[in-house]
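First the structure, in the form of structure tokens, and then the observations on it.
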Amino acid sequence: MTCAAAARQWLLRVAVLVLLAGCTNGQQPAPQPVGVATAGGEAQDPEYIGSAACAGCHAEIALEWKASQHAIAMQPAGETSILGAFDGRRIRVDGLHYRFFREGADYLVEEQVRDQPPSRHTVRYAFGVAPLQQYLLEGVGGRLQALTIAWDTRQAEYGGNRWFSLYPGMTLQPGDALHWSGYLQSANLMCVDCHVTGFRKNFDPTTNRYASTWAEVGVGCEACHGAGSLHGERYRQAGLQVDGHPAGDHLARLDERRDVVWTTDRLTRQPVRSRPRISDREIEVCARCHSRRSQLTDSAGSAGELEQGYRTALIEPGLFFADGQMRDEVYNYGSFVQSRMYAAGVTCSDCHNPHTGRIRAEGDALCGQCHELPRYASRDHHLHDPASAGARCVACHAPTRIYMQIDGRHDHSFRIPRPDRTLSFSAPNACDGCHARRGAKWAAARLRERFGPPKAGQQYFAEAFAAADAGDRDAVKSLPAIVADGKTSALVRASALERLANLGARPPREQTLRLAADPNPLLRRTAAVFASTYPEAWPMLLGDRVRSVRVEAVGAAIADGTSFGDLARLPGFDAALDDYLAAQRFNSDRPEGLVNLGNALLWRGDLEGAATTFAEALQIDREFVAAAVNLAEARRMQDRESDAERVLRDALPFAGGTGAVHHALALSLVRQGRVAESLPYLAEASRREPTNVRFSYVYAVALHDSGQGAKALQVLGRALRLRPGEQLLQDTLNSWKQGIESSRR
């Protein structure tokens, strides 16, 4: 699945920013400064100087980097960069015809839609290297558009050397957001930020144009280490060797591994780090691109905390399986930080050479850097022929999942295979990769026979998360212990906290306040959802030093309907609101950003401004139903109910599997006194989202008030079977039953 497809499927909480990454323009600009002189003209923010300047002192590292995929992550179109066959060949994909050819130095793609005249498009950049390469075409308004027909760079005997569709079976016509010309394929919007150095999106919503820039094409030295002008200048002035860092040179110090050794504990026989890892600097630098995350700004440098510029995804349904295995295109960070290896102090560069991009050793030797291979490389441990692929460490502990049709990526949670969890809640297991015909039941029995009952392991949260994701309120009993477990990953704890909120539960006041002050920003950020319940947390969250926490706090206030006036009196509120609005404006090239911005305007009482913003979101993507529902709400608040109804009826064809549009339309009809007409829409909303308590409750009440008491009881009964213990449903059901009994007496 591509980044764009992931964006289309991203499940939003409308009032909270949950966007993906941004992207670029059409021409390669010269290196751009990112700062200006401070007051007095003496100190100056660092500027990008380019990887060639770094090579003057770091020649050996520069040679390694030049051979890496990072260095050629994005390249201007040319003889050495284009790997695809632009030899005039034609292909047909879902009714569209493409031809790839050259005219002089230009690489061209011709597209023909049905019987329309073909259109020609110029390739400006090659994107990626292996196992596939995409091409960025010149678009309008400063846009670069990612062609969704990619070149398979593998050798022909492995199925490569061919053009293929990233969306096979989907009929993507011009005008569709996922067609290569659509907004979800805009490289400025997403993608290029992680393929160049020093990217600035520079989107102007008033003109709907990009003026994007970057300092260096490709992922250069400064993409990870930060802009290097001050670093280089102070070395020259002080005559320092390359071993040290002058004070205040602004570079990200990725030195967590310096002088660290791994040994084997005599008692446990497990690898032990010579000293604890006390920071995540290196891991967070990698996570800027190797994670599923929203981007809040493109002004946060490499040296700062990850959450200053991004909002990393939690272990959420749709993105991850309930046991934390990667599902959608979440890259590596979310898996890795829930692993035992992360907990033990491992960093990315323990296994990967950060300059070549390659692993530090091949095969099991990579794991053998720290683990006793003779202990694990036996049939007694892995149950396979030692010469087989199934005996390799990664086969069981880092299985791959295929993305973008051909790109296999290893799960980095380094877990023990648990086929029993496949049987319990459909989580995948490594055994099925080779033994799918025998099935999970066979694999679970085989492992139990050899190792005994399965242990909870590092991912002990799996059963509780699976229950919560299925709407089982009994999960409320086990989630608080996960939230309170200081020995487990902050990502896991925050994910448990979010599930508590989704189930309508609240942690105790004291715990919430501790979480709002926790050292980890993921926990502070997630605690914001409970601030309306415990208002003492607002000053801490609104004044937090980390941008994502402040943005989340304002988003939570909007979502909960917390009084704008009450919060406006708190210290730090104005600055936090500015951060929130700036984040939405930064993402105003996406309908999500505009919906969030519109919600903020609605919250402040600017009804017409909100309505205009929601309408702009629909102009970008008419299928973005959250914008339609919110536009209808703005019109309702303006006493324009007929306009609200029209907006919602226009959105019905794009409702997909959700019930929000049908529910909102039904409420509009009720407000207009057309209750009988509303019932089919309420029924459809409840059918589409049977676990949505509000949809079922409102439908049941409407039936009850319409004299259909028996059917209303059936609706409540069905909802309670799906969401047992839901107090509102249970109390209403009991009340109605008592009323029936009283009437019979």
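The values are calculated or read from the model by the stated rules, or taken from the named source; none is laboratory data. These numbers come from a predicted model, not from an experiment. Because the Cβ atoms are built from the backbone with ideal geometry, glycine has one as well, and the counts that use them run over all protein chains shown. Ligands, DNA and RNA are excluded from the accessible area calculation, which covers all protein heavy atoms including side chains. Shrake-Rupley method; radii C 1.70, N 1.55, O 1.52, S 1.80 Å.
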*Pop out the carbon and sulfur fraction of the accessible area of the range 611-711 as a percent, whole number, probe 1.4 Å.*
51 percent
*Using a cut-off of 30 Å between alpha-carbon atoms, which lysines can reach LYS201, once sequence neighbours fewer than 8 places away in the same chain are excluded?*
LYS66
_Past the 24 angstrom mark, what percentage of all C-alpha to C-alpha distances in the range 303-406 do you count?_
37 percent
_Kirkwood-Stokes translational diffusion coefficient of the range 555-618, alpha-carbon pairs, 37 °C, 0.692 mPa s, µm²/s_ = 276 µm²/s
_Net charge over other residues, Cβ less than 12 angstrom from the Cβ of GLY84 (K, R count +1; D, E count -1)_ = +1
*For the chain, what is the accessible area per residue in Å² when the probe is 1.4 Å?*
46 Å²
*Tell me, what is the percent relative contact order of the range 440-542, built from C-alpha pairs under 8 Å that lie six or more residues apart?*
18 percent
*Given that compact globular proteins tend to follow 2.2 N^0.38 Å, what is the ratio of the alpha-carbon Rg of the range 499-601 to that value?*
1.02
*asked:* Cα atoms only: what Rg and Dmax, in Å, come out for the range 637-679?
replied: 10.2, 29
*Whole-number percent relative contact order across the range 111-267, with pairs defined as alpha carbons under 8 Å at least 6 apart*: 12 percent
*Cα centroid distance between the range 452-508 and the range 529-570, in Å?*
24 Å
_Scaled radius of gyration (Cα, divided by 2.2 N^0.38 Å) that the chain gives_ = 1.01
*asked:* Relative contact order of the chain, please, whole-number percent, based on alpha carbon pairs below 8 angstrom and at least 6 residues apart.
replied: 10 percent
*Starting from 0 in steps of 10 Å, tell me what percent of the Cα-Cα pairs of the range 114-179 lands in each bin.*
18, 44, 32, 6, 0
*Cα centroids of the range 398-439 and the range 324-346: how far apart, whole angstrom?*
15 Å
*Ignoring ligands, DNA and RNA, what percent of the accessible area of the range 95-164 is carbon or sulfur (1.4 Å)?*
45 percent
*asked:* What is the percent carbon and sulfur in the accessible area of the range 339-473, measuring with a 1.4 Å probe over the protein chains and ignoring ligands?
replied: 56 percent
*Can you grab the distance from the C-alpha centre of the range 610-644 to the C-alpha centre of the range 659-695, Å, no decimals?*
18 Å
*In the range 538-621, which trypsin sites (Lys or Arg not before Pro) fall in coil by DSSP and have 12 or fewer other Cβ atoms within 10 Å?*
ARG545, ARG569
_Against the empirical 2.2 N^0.38 Å scaling, what ratio does the C-alpha Rg of the range 61-208 come to?_
1.07
